[in-house]
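Novice: The following block contains the structure, expressed as C-alpha cells.
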Amino acid sequence: PSSSDLESVQGSIQRAAARMEAAEKLANNIDNVAREAYDACIRKYPYLNNAGEANSTDTFKSKCARDIKHYMRLVQYCLVVGGTGPLDEWGIAGGREVYRALGLPTAPYVEALSFARNRGCAPRDMSAQALVEYNALLDYVINSLS
C-alpha cells in the first residue's frame, strides 16, 4: 500500500475511535442530554403547553421527551455504525410522515436537537474529534427535520 493509502486507513481508524468515544459519552449521559434538550425546546416554544397543543398533557409531554431521547439514541447508533442508516430508517423518513399526519410541528424537535448540539463542549464532554462526529450527526437530523 502507498503512504496515502496508509494515511487514509489511519484517518478512518481515528474517526472510528472518535465516533466510539462520542457514542460512549452519549450513552453515559443520554437521559440528562435528552431532558435538557426537551427543557430547551419548551422554553423556546412555551405555547406548546397551552390546552390542545402538542405538549398540553402529561401524556403528550412524556411522548415528546421520549421522541427526543429516541433521536439521541439513533444518533448514538449512527456513531457506532459509522453512517446515517439508523437515522434514515427509523428517525427521519417515518418521523416526518408521522408529524405531518398528526399535525405536529417539527420546530420544537429541531430546537431540542440544536440545543444538544450547541451544548456539547470539548474537552468537557468529549474530545474535539468526537464532538465533530457527534455534531455532524445532529446537524444531519436537524437539517432533515427543518
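Every number in this text was worked out from the coordinates using simple rules, so none of it is lab data. Only a predicted model underlies this, so the values are computations on that prediction, with no experimental measurement involved. All Cβ positions, glycine included, derive from the backbone under ideal geometry; neighbour counts span all protein chains shown.
Novice: Is one or more of the residues making up region 16-34 within 17 Å of Gly120 (Cβ to Cβ), surrounded by 15 or more Cβ atoms within 10 Å (Cβ to Cβ), of a type in the set (Val, Ile, Thr) and in contact with a Leu (Cβ under 7 Å, 6 or more places away or on another chain)?
Specialist: Yes; the residues of region 16-34 include at least one that is within 17 Å of Gly120 (Cβ to Cβ), surrounded by 15 or more Cβ atoms within 10 Å (Cβ to Cβ), of a type in the set (Val, Ile, Thr) and in contact with a Leu (Cβ under 7 Å, 6 or more places away or on another chain).
Novice: Which of (1) over 18 Å from Gln129 (Cβ atoms); (2) in contact (Cβ under 8 Å) with a residue 40 or more places away in the chain does Arg19 not meet, given it meets every other one?
Specialist: Against the list (1) over 18 Å from Gln129 (Cβ atoms); (2) in contact (Cβ under 8 Å) with a residue 40 or more places away in the chain, Arg19 comes up short only on (1).
Novice: Follow-up. Please name all residue pairs, on different chains or six or more residues apart, with Cβ atoms under 8 Å, provided the first residue is in region 118-146 and is in contact (Cβ under 8 Å) with a residue 12 or more places away in the chain and the second residue is among the aromatic types (Phe, Trp, Tyr).
Specialist: Gly120/Tyr134; Met126/Tyr134; Val141/Tyr71; Leu145/Tyr109
Novice: Further question on the same structure: So which residues in region 101-127 are surrounded by fewer than 16 Cβ atoms within 10 Å (Cβ to Cβ) and either part of a helix (DSSP H, G or I) or hydrophobic (A, V, I, L, M, F, W, C) (or both), if there are any at all?
Specialist: Across region 101-127, the qualifying residues are Ala101, Leu102, Ala107, Asn118, Arg119, Cys121, Ala122.
Novice: Give the residue, chosen from Arg43, Arg66, that is surrounded by fewer than 14 Cβ atoms within 10 Å (Cβ to Cβ), more than 18 Å from the chain's Cα centre (by Cα) and within 20 Å of Glu111 (Cα to Cα). Before the answer, list the steps.
Specialist: On the way: Arg66 fails: more than 18 Å from the chain's Cα centre (by Cα).
Of the residues listed, the single one that is surrounded by fewer than 14 Cβ atoms within 10 Å (Cβ to Cβ), more than 18 Å from the chain's Cα centre (by Cα) and within 20 Å of Glu111 (Cα to Cα) is Arg43.
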